[in-house]
Structures are given as structure tokens and as C-alpha cells.
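Undergrad: Sharing a structure below in C-alpha cells format, with a few things to ask.
The values are calculated or read from the model by the stated rules, or taken from the named source; none is laboratory data. The shown structure was predicted, so the numbers you read here are calculated from the model rather than taken from an experiment. Positions of Cβ are backbone-derived with ideal geometry, glycine not excepted, and every protein chain shown enters the neighbour counts.
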Amino acid sequence: MTTQDEVRREVREWLQANWNPDLSLVAWRTLLAESGWGVPGWPRQWYGRDLPAALTPVVDEEFAAANAVGVAKTGIRMLAAATLLEHGSDDQKKAFLKRILTGEDTWCQLFSEPGSGSDLAGATTRADFDGERWIINGQKVWTTSAHHADYGLLLARTDWDVPKHQGLTYVVLDMKQQGVEVHQLKQMNGHASFNQVFFTDAVVPADRIVGQPGGGWQVAMTTLAHERRGADGLRGANRDSGLKGSIYDEERAEIATVMAPYKWYPQRAGRVDLVLPTAKALGRLNDPVAVQEIARLLILAKTAEWTARRARAAQAEGRPQGPEGSLGKLAASEVARLAARVHTLIQGDQALLAGDDGAVDGMIAEVLLSVPATSIAGGTDEIQRNIISERVLSMPREPRADGGPFREVPRN
């Protein structure tokens, strides 16, 4: 059995022999993907090393010690990779996985629609087969990064005569083709990471179906499971910005571009990290009410962190989605809302001011405007409570009025 010491020695020797900060980013990541050290928990056949989940942190530690750049993990691309690893054909894995790791392709997730956000199975974007290929018509919305994505993970309706969960198909869509129109949406917090996307006779080759026609719901659940487990790699690199070398310059440029739509994500999570420093600076730790609320927030945040770690460990070990995904998602919403209240308690009316005039240069105001998104994105709090009640607590399913053929289900 492979030990930590063996893995550490092997990856350290490989880095000593191969790491070169003067390589181009793609050249280095190509070498890294082919070595298996970029995603060591993946199968050897697909750019990994079949390493147990418990040993992958050792690899991360050695890369950090060497200041070595890893494979591309920012944005939606790792959701695409996880979904393709589980459901994609060998040809699809060959076409997409390596370019995901090198960062040559960026991705977006085309799920939500104006009339079916939380009710994902109610999607009405249609995919019609003309005998050779699928023709896509419809609209998606709240699509992060669609404005610079190369490919999209699209859930479309291919059968209107079966119940709604059975008539969906999951496809990989070329976002750069004719018939795909993307419009950015300005948010109330000043960012523009979301988009609405219109499809007019867009084309999907038959070999771009992931899984089977009509089996899209099961594939989409894999994508959402990884999203709720926090496995989408939305955290940018924390490397020293002063490091010299062309590869670091390219990585910084990549993060500035690909991560731009996610700049406000820490704010929507509540910025719990700012609570204690600002409370100390303002002398609010002498206020027993403030101290009580701060303690409650920090306890809730820590327990939510442990739940999220369990979810990521389960995902890394290839275990099926358990309750921790929805529990963690719901806990994140509770943390974010409580954090917003605590920030307001600490800062008073300064929390409402944007820009340089506001608390923490307006950061707290951005938190207040961004926090509501946590209760919506990736499945609303209500959806998570339904999942927990029915699948975890084995409570009776709520009555439904949308059974039978989807074309007969009232919409909007």
C-alpha cells in the first residue's frame, strides 16, 4: 500500500526534475496532466494516478512548497470534468478532459431558465433530432461565465410525452457557434457575472450527448452534487503575487480573467473572516450582545465548514451524494444570513454605505447585497429542505400536480 512518505518523495522528485517557471502555462499543464500529478485522485487512464483521497493533500503540499502551478481548476470546468468522468464516453473524455486541465477551454453551466430555476426538471429549452444532429432552441439565464465560455453543459428537453424528469437530455454545447447569443446581466451589487443565453437553431452533434437521450436528469444530479459539495474549484490561487517567471504572469492573467465573475462570491458567503477584526477595531467586543452574536456566527460557520469537508472527502473517494451536500448547502445559507446581520450589528449605519465612505471600503455593503444569492444558487433553501426531509429523514413526499406527459403540465 502506498504511504504518505512514498507519495511525498515521488512527487517531490518529479517536481525537482520537471518544474520550470519559465515554461508556458499550457506547456507545463500538459506535462502535468500527462504525469498524473495534476489530479492524482483521477483514474490513471484519464490523467490521474488512482491515488486515495487521503493522500492527495500530500501532493498539494509539495506543489505549494515548490510554488509550482497546478492544473486549471477555476470556474465551472471542474464540474464538467467530474460529470464527464462519471457519465461521459471515452471519446468525450479524450476530447475534453485534458484541455480542461490545461486551461485551454472554459465552461459554463446551462441549467436555469426564466420559468424553471428551482424546478430544474421543468426546463423547456428544446433539443430536436433531425436524423444526424440535435437542434437547440430556447433560453437559459443566471449562467455564470457564459460570456467567455468555450463549452456549455446544457440540459434540454428531448421528449415532451413522458413525465418531466424523463424527457431531459444532457449535452455539451459549443458556445462559440452561430445560434448562441449571450447577454451579460448587471447585478445590484455592481458585478456582471451572470448572463442570459438565447439559442436559435444551435447545433449539437449526436456524439455530444452525455449519457443517453432522456437520461439527462441523472447526469445533471451528478453536476449539482459536485456543485453543492463545493467541488467546483471556484477559489483562485493564493500564490505570492511577486513570484517571477512567465508561468506566474500567465497564471495571474488567467485568474484575473476567468475568476472575474467570482470576485463577489466571498461576499455572498458573508465574509465571516471580517467579523472579528472589525469588531476589535470598533471596540464592539465589550458589547455582550455583539459578543453573543459573533460567537453564534463563528460556531455555526465552523460546523458548516466541517460538513463541507465531509462532503468534499466523500466526493474525492467517489462515494455517492449523501445528505452532507444539501445539509452543507443549507448551512451555508444560514451562515451567510447570520453574517450579514452580525456585520450590521457591528457597523451600524456604516454598513449601508458603498465605496470608500462605507465600512471596510464598502465591502460590508456588498456583503449585504450579495448574501441573498446564497439561498438561491445551486438549489434554493426550500429545495434543500425538501431533499433533506424526503431523502434523509424519509418523510412523505409532498403532493405533486405535475405528473404525466410534460406537454400536459401547466407552465408559467
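Undergrad: Could you please let me know if Glu34 is of a type outside the set (A, V, I, L, M, F, W, C), under 24 Å from Asp150 (Cα atoms) and crowded, with 19+ Cβ neighbours inside 10 Å?
TA: Spelling it out, it is not the case that Glu34 is of a type outside the set (A, V, I, L, M, F, W, C), under 24 Å from Asp150 (Cα atoms) and crowded, with 19+ Cβ neighbours inside 10 Å.
Undergrad: Gly214 - would you say it is modelled with pLDDT of 95 or more, in contact with an Asp or Glu (Cβ under 9 Å, 6 or more places away or on another chain) and of a type in the set (Gly, Ala, Ser)?
TA: Taking the combined requirement at face value, the residue satisfies it.
Undergrad: Sticking with this structure for a sec: Out of the residues in segment 327-377 that are modelled with pLDDT of 95 or more and β-branched (Val, Ile, Thr), which is nearest to Lys263 (Cα to Cα)?
TA: Val367
Undergrad: Do the conditions hold for Arg49, that is, is it at negative phi, free of Cβ contacts under 8 Å to residues at least 24 places away in the same chain and crowded, with 20+ Cβ neighbours inside 10 Å?
TA: Yes.
Undergrad: While we're here: For Trp160, are the conditions met, namely being aromatic (Phe, Trp, Tyr) and part of a strand (DSSP E or B)?
TA: Considered against the rule, which asks whether it is aromatic (Phe, Trp, Tyr) and part of a strand (DSSP E or B), Trp160 comes out as no.
Undergrad: In addition: Residues to consider are Ile364, Ile387; find the one that is surrounded by 17 or more Cβ atoms within 10 Å (Cβ to Cβ) and within 26 Å of Thr124 (Cβ to Cβ).
TA: None of the others qualify; the one that does is Ile387.
Undergrad: While we're here: Mind checking which residues of segment 390-412 are more than 18 Å from Arg126 (Cα to Cα), surrounded by 12 or more Cβ atoms within 10 Å (Cβ to Cβ) and of a type outside the set (Val, Ile, Thr)?
TA: Glu390, Arg391, Asp402, Gly404
Undergrad: Let me ask something additional. Filter segment 99-123 for residues that are polar (S, T, N, Q) and in contact with a strand residue (DSSP E or B) (Cβ under 7 Å, 6 or more places away or on another chain) and give the result.
TA: Looking only at segment 99-123, we keep the residues that are polar (S, T, N, Q), and these are 102, 106, 109, 112, 116, 118.
Result: Gln109, Ser112.
Undergrad: Being of a type in the set (Ser, Thr, Tyr), under 22 Å from Thr106 (Cα atoms) and either assigned to a loop (DSSP other than H, G, I, E, B) or touching a Leu at 6+ places or on another chain (Cβ under 6 Å) (or both) narrows it down to one of Thr124, Thr223, so name that one.
TA: After applying the criteria, what remains is Thr223.
Undergrad: Let me ask something additional. Would you point out the residue of segment 258-293, among those that are acidic (Asp, Glu) and within 18 Å of Leu368 (Cα to Cα), that is farthest from the chain's Cα centre (by Cα)? Can you show your working first?
TA: Filtering segment 258-293 down to residues acidic (Asp, Glu) leaves 273, 287, 293.
Now drop any that are not within 18 Å of Leu368 (Cα to Cα), which leaves 273, 293.
Details: Asp273: 21, Glu293: 30 Å.
For segment 258-293, the residue satisfying everything is Glu293.
Undergrad: Which pairs do you get when a residue that is over 19 Å from Gly362 (Cβ atoms), found in segment 267-287, comes within reach of a residue that is of a type in the set (A, V, I, L, M) and surrounded by 21 or more Cβ atoms within 10 Å (Cβ to Cβ), reach meaning Cβ atoms under 6 angstrom, with the pair 6+ apart or on two chains?
TA: Arg284/Ile346; Leu285/Ala279
Undergrad: If you don't mind, another one. Report, by residue number, each residue of segment 386-405 that is in contact (Cβ under 8 Å) with a residue 12 or more places away in the chain and either part of a loop (DSSP other than H, G, I, E, B) or farther than 21 Å from Thr223 by Cβ (or both).
TA: Glu398, Asp402, Gly403, Gly404, Pro405, listed by residue number.
Undergrad: Checking Ala220 against (1) under 16 Å from Asp150 (Cα atoms); (2) of a type in the set (Gly, Ala, Ser); (3) under 19 Å from the mean Cα position of the chain (by Cα), only one condition comes out false. Which one?
TA: Single failed check for Ala220: (1).
Undergrad: Give just the number: which of (1) surrounded by 20 or more Cβ atoms within 10 Å (Cβ to Cβ); (2) of a type outside the set (Val, Ile, Thr); (3) part of a helix (DSSP H, G or I) does Trp42 not satisfy?
TA: In the conditions (1) surrounded by 20 or more Cβ atoms within 10 Å (Cβ to Cβ); (2) of a type outside the set (Val, Ile, Thr); (3) part of a helix (DSSP H, G or I), Trp42 misses (3) alone.
Undergrad: If you don't mind, there's one more thing I want to ask. Check whether at least one residue in segment 59-72 is on the phi > 0 side of the Ramachandran plot and in the same structural domain as Lys244 (by TED's automatic domain parsing), and report yes or no.
TA: yes
Undergrad: If we keep just the residues of segment 155-198 that are closer than 18 Å to Gly117 by Cβ and of a type in the set (Lys, Arg), which is nearest to the chain's Cα centre (by Cα)?
TA: Arg157
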